[in-house]
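Here is the structure we will look at, set down as structure tokens.
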Amino acid sequence: MSKVLKSLLVGTALTCASAASAVELEVTHWWTSGGEAAAVTKFAEAWNATGNTWLDGAIAGSGGTARPIIISRILGGDPMAATQLNHGRQSEELIEAGLMLDLTDVAEAGGWKNIVNPSSLLDSCTLDGKIYCVPVNIHSAQWLWLSHAAYEKAGVAVPADWNEFVASAPALEAAGVLPLAMGQQGWQQNLAFGAITIAVAGLDTWRDVTVNKNADTARGPEYAAVFEAVAAARELARGSNVQDWNQATGMVINGEAGAQLMGDWAQGEFSVAGQVEGTDYSCLPGLGLNEILDTGGDAFYFPVNDDPEITAAQKELAALLISPEVQVSFNLAKGSLPVRGDIDMAAANGCMQKGLAILADGGILPSGDMSLSADTQTQIEDLMAEFWAGDMAASDAQAAYADIIASAD
Amino acid sequence: MSLVDHRPAKTGYAKGKPNRLTRNLSSKIAALPMILTALVVFVGCTIWTIVYSFTDSRLLPRENFVGIEQYERLWGSSRWITSISNLMWYGVCSLVLTLVIGFTLAALLDRKIRFENTFRSIFLFPFALSFIVTGLVWQWILNPDYGVQGVVRSWGWESFNFDPLYNPDIVIFGILIAGIWQGSGLIMCIMLAGLRGIDEDIWKATRVDGIGTLKTYLVVIIPMMRPVFVTCLVLIAAGIIKLYDLVVAQTSGGPGLSSQVPAMYVYDYMFKAQNLGQGFAASTMMLLSVVIILIPYIYLQFKGKSRG
């Protein structure tokens, strides 16, 4: 008995000793769906393995819910040690206000300039030549996910591009399958709009509107075709009453819906459900029409902290997140693409291989997050929410969209 | 009348009694912290918000004044117009229905029925629930697959249609149902207290004069309960302006933008869109609507006092 007690005491003493040297870092993120949670555990495991402690601060809900919480904590003087944000213009003002830790020395030591591919990821972490965030993955939004079970029910072949999908919709409806699953949230409808835009209007037109903010192009015939296509997709998604994106993905997994327009993070949900690419589901990057992917993604930012011990640990964590082993295990679990071009992703499945091939061919474009401010994004999301839920005419939506682009900053 | 009132006060002052400023000095000192808090926190922050609503502040406040640009954008936004029209529909319906239902329930309970305490508890109980819980409960009740529509259809009435939360045209009434369910119990209790305050002799007098019960309520009792009605009016109006959590829990503004309310606009633009100027402009408009409600209230209160 006393032996047990003694060993317990020794154990406690040891824990106390290690707690004194190890640093506990609170990390906030909004990765809460099945596949995402599995991926973030890989980070936590890698960090705990270094003898430090990962204090998980998951915030339920999408980025739209989590970002205000994260930003108000940083502004309110209660910063977490590290936080996920989508890189791009969301954190611009926080960096300008000096609230984010400068990671330039870590980046130089790790040679990030040479390993991060595409380099635009690092550029969007950079302000005035200094680096403020670690990109951890690449996410692209332009994917169409198709359910083989649904097409079997309808008795037609699985389509190979967006046009075939639209043509196959009546057969799906006849078999009692909803053609297109769509979560009723502005950002998902905006994502579908963006994916259809690139597929229908092509890269140059898209770039002229989103990057150059040319409102005349947005009023032109190319975008008229885009809005007609989105209006058609809206009719295919009528009766889709789910809210969250993973519920919509669930409908595709169960064969209740034929397809979903969603980013490559949907991949994680299919893996968790034990489905196999090619036999249970298919994926079409760029909707099978225009094989181009945007290179948005997640990055970790490290708010400035007074405690030098925490600052050192923050830099250690930054280097760890981009290290080869962690990049492989994390991205395999999440279904996203790694930010390093120099690692072996042979274990990746078919969809990720397709994405990697497109990435290697340079079929990339900057994500909307990088070109448009949060204010403009919210206005477009509002417009899309209104457009998808009601009976707004395509031409009215196009005019409203062009006005938003004209006033964008 | 006022002459009679003033004279003793004047003679008192001449005798060297403390003047108005130093009278009850200790209690005034004690109230000072609260007065300062009210001035700095409420008035100060309100003025700060109004001033910054004329700037182009984004994530952080900055003093770059742009005139009424934020207000022009606000009133040009279809989401804001929808929010205002929703609030109007909700406001008018909720005000009228809550008052009518609250008073009717109170009058029925006041008829000395049996189990009055039980009924009172039942009617008041929804008020004990938060708006979030109320919203979730009614989201389930109104869900077409599991709620009222599903139940009635399972009884065999296959064509029965009742899905207010999924129909953009009537979604605000789905929210209204929940709001009234939650709020009318409290109004009933206040009304009941008001009814109990009516002298029994009034009832005896009307009975002697042969006035019917319904007519007595309408022409005698309700006019006598004016202060109670004013209190209820202010309580309901405040609840309407701050309508937010009920909508978030029930529909989160959907389908589309059809159940948006001003408070959601303020939150989304201040924090999600990182556009403080726009959020401040919207909250200033909300303040304006509160002021519009408060002025008649102050007027009514003031008028009541001077007459009494």
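Values in this text are rule-based calculations from the coordinates and carry no lab data. Just so you know, these numbers come straight off a predicted model, no measurement behind them. Here Cβ is always computed from backbone atoms with ideal geometry, including for glycine, and neighbour counts include all displayed protein chains.
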Self-check item: Cβ-defined net charge surrounding A:GLN185, 10 Å radius [Lys, Arg +1; Asp, Glu -1]
Solution: -2
Quiz item: Under the rule of -39500 (n - 2.57) per DSSP H run of 4 or more residues, summed and divided by the residues of chain B, what mean residue ellipticity at 222 nm is obtained, to the nearest 500 deg cm²/dmol?
Solution: -20500 deg cm²/dmol
Quiz prompt | Under 24 Å, Cα to Cα: Lys pairs in the stretch B:77-307, sequence gap 8 or more or different chains | solution = 4
Quiz prompt | Cβ-placed point charges (K, R +1; D, E -1), dipole of chain A about Cα centre in debye, nearest 20 | solution = 960
Self-check item: Formal net charge of residues neighbouring B:LEU108 (Cβ-Cβ distance under 15 Å; K, R +1; D, E -1)
Solution: +3
Practice problem: Mind putting a number on the dipole of the stretch B:77-307 about its Cα centre? Charges go on the C-beta only, +1 for Lys and Arg and -1 for Asp and Glu, and I need it in Debye to the nearest 20. | Solution: 740
Self-check item: Computed magnitude of the charge dipole of the protein assembly as shown (debye, nearest 20; Cβ of K, R +1, Cβ of D, E -1)
Solution: 5060
Quiz item: If you take the charge dipole of chain B about its Cα centre, with +1 on Lys and Arg Cβ and -1 on Asp and Glu Cβ, which of B:ILE240, B:ALA38, B:SER283 is farthest toward its positive end?
Solution: B:ALA38
Quiz prompt | Longest exposed-site-free window of chain B, the sites being GluC sites (Glu not before Pro) in a DSSP loop that have at most 12 other C-beta atoms within 10 Å | solution = B:159-308
Quiz item: Per residue of chain A, what 222 nm ellipticity follows from adding -39500 (n - 2.57) for every DSSP H run with n ≥ 4, rounded to the nearest 500?
Solution: -16000 deg cm²/dmol
Quiz item: Roughly what % antiparallel, to the nearest 5, for the DSSP beta bridges in the protein assembly as shown?
Solution: 60
Practice problem: May I ask you to derive the relative contact order of chain A, considering only C-alpha pairs under 8 Å and at least 6 residues apart, and to give it as an integer percent? | Solution: 27
Quiz item: With contacts defined as alpha carbon pairs under 8 Å and 6 or more residues apart, what's the relative contact order of chain B in percent?
Solution: 28
Quiz item: Against the longest principal axis of chain A, how steep is helix A:34-49, in degrees 0 to 90 to the nearest 10, with axes from Cα atoms?
Solution: 20
Practice problem: Please give the FRET efficiency for A:ASP280 paired with B:ALA238, using the beta carbon to beta carbon distance and R0 = 51 Å, rounded to the nearest 0.05. | Solution: 0.40
Quiz item: Per residue Cα convex hull volume for the stretch B:77-307, in cubic angstrom?
Solution: 159
Practice problem: Averaging sequence separations of C-alpha pairs under 8 Å and six or more residues apart, then dividing by the length of the stretch B:198-304, give the relative contact order as a whole percent. | Solution: 20
Exercise. Note the count of lysine pairs whose C-alpha atoms are less than 18 angstrom apart in chain A, limited to pairs 8 or more residues apart or on different chains.
Key: 5
